[in-house]
Every structure is written in structure tokens, then in C-alpha cells.
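Student: Attaching a single structure in C-alpha cells format; questions to follow.
The values are calculated or read from the model by the stated rules, or taken from the named source; none is laboratory data. Just so we're clear, the structure is a prediction, and the values are computed from it rather than from any experiment. Ideal geometry is used to build each Cβ from the backbone, glycine not excepted, and the neighbour counts take in all protein chains shown.
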Amino acid sequence: MNVIDGKSELADIDDISAAYEVFSPGAAWNGSNYTNAETGVKADNTFLVYQDTYIMGDPGKYMGSTEVEVPEKYFTTK
């Protein structure tokens, strides 16, 4: 709805994450464009999105995995 209303961009990972966070308060979301592992070409319209991991037994505590930046060298198999 945010895209239709002109409040968000369809291919903006920050806008996508913000939309998911509305329905999962306290959990962070992150992601990146899909990268073809053989060619290294990133897709403009396909994202791999992930949510921070909840630590069982500790209400409201998350691992912080969405803050980790994946090094570029892992986006290809060469």
C-alpha cells in the first residue's frame, strides 16, 4: 500500500524493511539485491530479505544479525 500511496519505492530495501517492521515490532529486517553467483550480476527487482533472530527465553532480545554486512566476495562463486 505504501508504494501505491507514493510513500515508498518498490525496489528500496529500506522501504521494504520498514513495511515488515510495522507487523513485527522490535525485530529488525534487512536484505540485499539477489546476486547471480556465477556472473556476479545483481538483480534490480529481486531481494533476499531476512529478519533478526529472536533469542528464546529473553523477551525482546535479538541477536543483531541484521547489522552484519556481508562482504562482496561472498556474492560470487569465482
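Student: Given the conditions (1) farther than 30 Å from residue 5 by Cα; (2) not acidic (Asp, Glu); (3) not in a loop (DSSP other than H, G, I, E, B), and given that residue 19 satisfies all but one, which numbered condition is not satisfied?
Tutor: (1)
Student: Filter segment 14-43 down to the residues that are surrounded by fewer than 12 Cβ atoms within 10 Å (Cβ to Cβ) and more than 21 Å from residue 72 (Cα to Cα) and list them by number.
Tutor: Hits for segment 14-43 are 22, 23, 25, 26.
Student: Inside segment 36-69, can you point out the residues that are among the aliphatic types (A, V, I, L, M), more than 21 Å from residue 23 (Cβ to Cβ) and over 15 Å from the mean Cα position of the chain (by Cα)?
Tutor: First, the residues of segment 36-69 that are among the aliphatic types (A, V, I, L, M): 37, 41, 43, 48-49, 55-56, 63, 68.
Among the residues that remain, those that are also more than 21 Å from residue 23 (Cβ to Cβ) are: 37, 41, 43, 68.
Those that are among the aliphatic types (A, V, I, L, M), more than 21 Å from residue 23 (Cβ to Cβ) and over 15 Å from the mean Cα position of the chain (by Cα): 37, 41.
Student: In segment 44-78, which residue that is of a type in the set (Val, Ile, Thr) and under 15 Å from residue 28 (Cβ atoms) is surrounded by the fewest Cβ atoms within 10 Å (Cβ to Cβ)?
Tutor: Ranking the candidates gives 68 first.
Student: Residue 26 fails exactly one of the following numbered conditions: (1) in a loop (DSSP other than H, G, I, E, B); (2) free of Cβ contacts under 8 Å to residues at least 24 places away in the same chain. What is the number of that condition?
Tutor: Evaluating residue 26 over (1) in a loop (DSSP other than H, G, I, E, B); (2) free of Cβ contacts under 8 Å to residues at least 24 places away in the same chain leaves (2) as the failure.
Student: Of all residues in segment 29-75, which are in a loop (DSSP other than H, G, I, E, B), at pLDDT below 85 and over 27 Å from residue 9 (Cα atoms)?
Tutor: Within segment 29-75, 55, 56, 57, 58, 59, 60, 61, 63 meet the criteria.
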